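Below you'll find the structure, written out as structure tokens, and then a few comments.
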Amino acid sequence: MTQDDWLIFVSPRAVHFAHALRPLNTLPACRWAAVGTATAAALREVFPAVPPVLLPTTTQDSEGLLRALPLGAMRSQQVWIFRGDTGREHLKEALIAAGARAEPIPVYQRLCAPSQAPIERWPTLWVISAPAALACLRALADQHPTDAGGRGLLHCPLIVINERTEHQARALGFTGIITRAHAPDDAALVQALAQALLQALASPQTRQP
């Protein structure tokens, strides 16, 4: 890495795992970018003296960041993308198409955690903080087609972080109420949770605990 390189962080999780592997204040790169305010806050948490971080001014996702980046001036520049071992390739591919040299740096691995709780104690509402979590929930739904109340996980209400995740949930077969947070951060998720709980309580399709 050199001082002319770009460092892009796609999530707070990517920030914390990258910092655990190597303190971010030891990196020489001086051009920093994040996909949203929560990720930028994570950078300031682990590296209070972090240089200015470029943020999207529209949507807090890869598309928003691409609109904010000076793509026309990034030809031949090296871009390091800190992320998980899997995920969308859109950011990398768009940067390469713009002439940059983009390389992902996987700093953590996504795994589906096994459910240890009895099925009757499973949540009746799920918060999806990353699109990859939908695949895990779908796999769990396939393993347990119905719960103790005779309903499947595919019908439970969901809270998602953006429109793309909402579309992905529908494509995977989730049919319950989906509430979309207005931003991918904790405050927005809490607000969406309150809204979803009210909707779930008012819906005759909601299984009561």
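The values are calculated or read from the model by the stated rules, or taken from the named source; none is laboratory data. Quick caveat: nothing in here was measured; it's all calculated off a predicted structure. Cβ placement follows ideal geometry from the backbone for every residue including glycine, while neighbour counts extend to all protein chains displayed.
Return a yes/no flag: does region 113-126 have any residue that is closer than 24 Å to A41 by Cβ and either among the aromatic types (F, W, Y) or outside the structural domain of T39 (by TED's automatic domain parsing) (or both).
First, the residues of region 113-126 that are closer than 24 Å to A41 by Cβ: none.
Checking region 113-126: not a single residue is closer than 24 Å to A41 by Cβ and either among the aromatic types (F, W, Y) or outside the structural domain of T39 (by TED's automatic domain parsing) (or both).
Check region 161-177 and report whether any residue there is closer than 26 Å to F17 by Cβ, in a strand (DSSP E or B) and touching a helix residue (DSSP H, G or I) at 6+ places or on another chain (Cβ under 6 Å).
There is no residue in region 161-177 that is closer than 26 Å to F17 by Cβ, in a strand (DSSP E or B) and touching a helix residue (DSSP H, G or I) at 6+ places or on another chain (Cβ under 6 Å).
Is there a residue being at pLDDT 85 or above, touching a Leu at 6+ places or on another chain (Cβ under 6 Å) and not in a loop (DSSP other than H, G, I, E, B) anywhere in region 146-154?
No, that holds for no residue.
Condition check ((1) in the same structural domain as P28 (by TED's automatic domain parsing); (2) surrounded by fewer than 13 Cβ atoms within 10 Å (Cβ to Cβ); (3) in contact with a strand residue (DSSP E or B) (Cβ under 6 Å, 6 or more places away or on another chain); (4) in a loop (DSSP other than H, G, I, E, B)) across all residues:
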residue: G72; (1), (2), (3), (4): yes, yes, no, no
residue: S76; (1), (2), (3), (4): yes, yes, no, yes
residue: I81; (1), (2), (3), (4): yes, no, yes, no
residue: P104; (1), (2), (3), (4): yes, no, yes, no
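Cβ-Cβ under 7 Å, sequence separation 6+ or interchain: first residue in region 22-41 and not assigned by TED's automatic domain parsing to the domain that holds A187, partner among the small types (G, A, S) and in a helix (DSSP H, G or I). Which pairs?
Here the result reads L24/A18; A34/A40; V35/S62, each pair linking region 22-41 to a residue that is among the small types (G, A, S) and in a helix (DSSP H, G or I).
Which one of the conditions (1) over 14 Å from the mean Cα position of the chain (by Cα); (2) surrounded by 14 or more Cβ atoms within 10 Å (Cβ to Cβ); (3) part of a helix (DSSP H, G or I); (4) in contact (Cβ under 8 Å) with a residue 12 or more places away in the chain does I96 fail to meet, given that it meets all the rest?
(4)
Does region 112-124 include one or more residues that are modelled with pLDDT of 90 or more and among the hydroxyl-bearing types (S, T, Y)? Let's see the steps before the verdict.
First, the residues of region 112-124 that are modelled with pLDDT of 90 or more: none.
Within region 112-124, not a single residue is modelled with pLDDT of 90 or more and among the hydroxyl-bearing types (S, T, Y).
Examine region 5-18 for a residue that is assigned by TED's automatic domain parsing to the domain that holds K92, under 20 Å from H90 (Cβ atoms), touching a helix residue (DSSP H, G or I) at 6+ places or on another chain (Cβ under 8 Å) and modelled with pLDDT under 90, and state whether such a residue exists.
No: region 5-18 contains no residue that is assigned by TED's automatic domain parsing to the domain that holds K92, under 20 Å from H90 (Cβ atoms), touching a helix residue (DSSP H, G or I) at 6+ places or on another chain (Cβ under 8 Å) and modelled with pLDDT under 90.
Among (1) crowded, with 18+ Cβ neighbours inside 10 Å; (2) in a helix (DSSP H, G or I); (3) at pLDDT below 90, where does L65 come up short?
With respect to (1) crowded, with 18+ Cβ neighbours inside 10 Å; (2) in a helix (DSSP H, G or I); (3) at pLDDT below 90, L65 is out only on (3).
Mind counting the residues in region 21-32 that are assigned to a strand (DSSP E or B) and either in contact with a Phe, Trp or Tyr (Cβ under 6 Å, 6 or more places away or on another chain) or of a type in the set (S, T, N, Q) (or both)?
Counting residues in region 21-32 that are assigned to a strand (DSSP E or B) and either in contact with a Phe, Trp or Tyr (Cβ under 6 Å, 6 or more places away or on another chain) or of a type in the set (S, T, N, Q) (or both) gives 1.
Just checking, how many residues over region 33-46 are in contact with a strand residue (DSSP E or B) (Cβ under 9 Å, 6 or more places away or on another chain) and assigned to a loop (DSSP other than H, G, I, E, B)?
Residues in region 33-46 being in contact with a strand residue (DSSP E or B) (Cβ under 9 Å, 6 or more places away or on another chain) and assigned to a loop (DSSP other than H, G, I, E, B): 1 in total.
Exactly one condition in (1) out of contact with any Lys or Arg (no Cβ under 7 Å at 6 or more places or on another chain); (2) surrounded by 13 or more Cβ atoms within 10 Å (Cβ to Cβ); (3) modelled with pLDDT of 95 or more is not met by R88; state its number.
(3)
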